[in-house]
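Please read the structure below before turning to the comments.
The values are calculated or read from the model by the stated rules, or taken from the named source; none is laboratory data. Just so it is clear, the structure is predicted and the values come from calculations on it, not from any experiment. Counting neighbours? That spans all protein chains shown, and the Cβs are built from the backbone with ideal geometry, glycine included. Heads up: the accessible areas ignore ligands, DNA and RNA and are worked out on the full protein's heavy atoms, side chains in. Shrake-Rupley method; radii C 1.70, N 1.55, O 1.52, S 1.80 Å.
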Amino acid sequence: MSGLLDVLIDIASTPAILVALIAVLGLGLQKKSISDVVRGGIKTFVGFLVVTAGAGVIVDSLDPFGKMFQQAFNMQGVVPNNEAIVAVALTKYGTYTALIMLAGMAFNILIARITKYKYIYLTGHATLYMACMIAVIMSATGMGTVPLVFVGGLALGLANTIFPAIAQPFTRQITKNENVALGHTGNFGYALSGLIGKYVGNKEKSTEDINFPKGLSFLRDSTVSITLTMSIVYVFVALFAGNEFITTELSGGTNYIIYSIQQAGLFAAGVFVILAGVRLILAEIVPAFKGISEKLVPNAIPALDCPIVFPYAPNAVLIGFLTSFLGGIVSLLIMVATGTTVIIPGVVPHFFCGATAGVFGNATGGIRGAIAGSFVHGIIISFMPILLMPVMGDMGLQGSTFSDTDYGVTGIFLGKLANTGGQIAVVVGVLAVLGVLLALTVFGKKKNDKMEGAA
């Protein structure tokens, strides 16, 4: 039993395999030929591996940048990093995490079936991390295993349904259709960025329409502009970090300027690879999901990882990352000045989440929306971890914490319930959220029936 559970968890937490199986299931339900099913499954599998490879290249290039930044400006504090905090938490809460994850995926499908919110969350690693955080918080209530897994799984299923729904009005503006949703742990921040962009910007002046002088027309190529921009950023930080630190600690003897330019190039290469992988995935998973919509969950919408929106606004990706990181630096200065816990800007979350926030802000407010939305986002993911740490029990004392906004919203909600009323408050709170979704579904159905009757 334990071995089977381990296999199921490995599949569920490996996006490439999970989504490939979903594609195979969807094509099979449509009674496609064996060749179509095999082709669709393999291309989806490879597409996710391409995206993962691109993300890995970006993370590898940003890791030394983060070290250079801390060395350059002599900063010490908590570094938000989902992978780091989960690695620590799994040693103690691994079993609860696994059971909550499986229960959460089942509840997500059930909720999509019985409510109007048809989002099937397919970002496996994000589901694993959220399950881990919920396991830590729920364990502090002293619940027994069965109620802990049931309530924790329901909380996870609700989160994986609600957050794509919150972002969908803005995702729809980006993709121009309802074929796909965003399934990532920063959806609350992305929706907020889209909302900010709506009120402070002008979507007619898109980041993708930036006019360059004729002599600088080569900057219209996103690969070129990303490489040049990131080279300037890397070299600037490298100059403060110093040649000795970089050559001895990071580059293996390579000149620090050359090394910085090389890392900037790797960053741009990672973005290029991600964009190619996303196009491959969307070409396969969206048609495959038609079968699932027809047979299992009517009108089901796949909720996929944040890079799916990158091809729609590559310039906004870069603007969003840089302005979100700037928001993190401003937040850091405020923390130092006020003597509170210092959150070091995590370069990886500021890239993936900040870039996505930039795309959302651009969709509703153009250039100004991308800048304002991602800057505010950068401030939120800097201060929200401070509020989250106290509800994490003994895990709140670690040198890292969860970074993305959805962890903060979910964790603070469950943690405050647990601290206020213990187990009963958590159970009532989670069931109340489910009740709200059911009520909205019933109300929406009655409203549609009245409109159809009037017509």
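Points to keep in mind about this one:
Results for (1) of a type outside the set (Lys, Arg); (2) modelled with pLDDT of 85 or more; (3) open to solvent by 10 Å² or more (accessible area, probe 1.4 Å), shown as yes or no for each residue.
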{"position": "Arg172", "(1), (2), (3)": "no, yes, yes"}
{"position": "Glu178", "(1), (2), (3)": "yes, yes, yes"}
{"position": "Thr185", "(1), (2), (3)": "yes, yes, no"}
{"position": "Ser193", "(1), (2), (3)": "yes, yes, no"}
{"position": "Tyr199", "(1), (2), (3)": "yes, yes, yes"}
{"position": "Thr207", "(1), (2), (3)": "yes, yes, no"}
{"position": "Ile210", "(1), (2), (3)": "yes, no, yes"}
{"position": "Pro213", "(1), (2), (3)": "yes, no, yes"}
{"position": "Ser225", "(1), (2), (3)": "yes, no, yes"}
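- A count restricted to segment 331-354 and to residues that are open to solvent by 10 Å² or more (accessible area, probe 1.4 Å) and within 13 Å of Ser374 (Cα to Cα) stands at 2.
- Which numbered condition Pro64 misses (of (1) at pLDDT below 80; (2) open to solvent by less than 20 Å² (accessible area, probe 1.4 Å)): (1)
Listed here are the residues, each with its yes/no results for (1) within 20 Å of Gln168 (Cα to Cα); (2) in contact with a Pro (Cβ under 7 Å, 6 or more places away or on another chain); (3) modelled with pLDDT under 90.
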position: Gly339; (1), (2), (3): no, no, yes
position: His350; (1), (2), (3): no, no, yes
position: Phe360; (1), (2), (3): yes, no, no
position: Gly378; (1), (2), (3): no, no, no
position: Pro390; (1), (2), (3): no, no, yes
position: Gly421; (1), (2), (3): no, no, yes
position: Leu434; (1), (2), (3): yes, no, no
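- Residue within segment 296-309 that is free of Cβ contacts under 8 Å to residues at least 24 places away in the same chain and either small (Gly, Ala, Ser) or in a helix (DSSP H, G or I) (or both) present: no
- For segment 169-200, the tally of residues that are in a helix (DSSP H, G or I) and under 16 Å from Thr410 (Cβ atoms) stands at 6.
- The test for being touching a strand residue (DSSP E or B) at 6+ places or on another chain (Cβ under 7 Å), more than 22 Å from Ala84 (Cβ to Cβ) and open to solvent by less than 40 Å² (accessible area, probe 1.4 Å) holds for Ile301.
- Taken as a whole, the structure leaves Val86 outside the set of residues that are under 19 Å from the mean Cα position of the chain (by Cα), among the hydrophobic types (A, V, I, L, M, F, W, C) and not in a helix (DSSP H, G or I).
- Residue identified as without any contact (Cβ under 8 Å) to a residue 60 or more places away in the chain and in contact with a strand residue (DSSP E or B) (Cβ under 8 Å, 6 or more places away or on another chain) among Ala165, Ala112, Ala181: Ala165
- Taking each residue of segment 222-245 that is outside any helix (DSSP H, G or I) and looking for partners that are open to solvent by less than 40 Å² (accessible area, probe 1.4 Å) with beta-carbon atoms closer than 9 Å, six or more apart or interchain, yields Gly242/Ala72.
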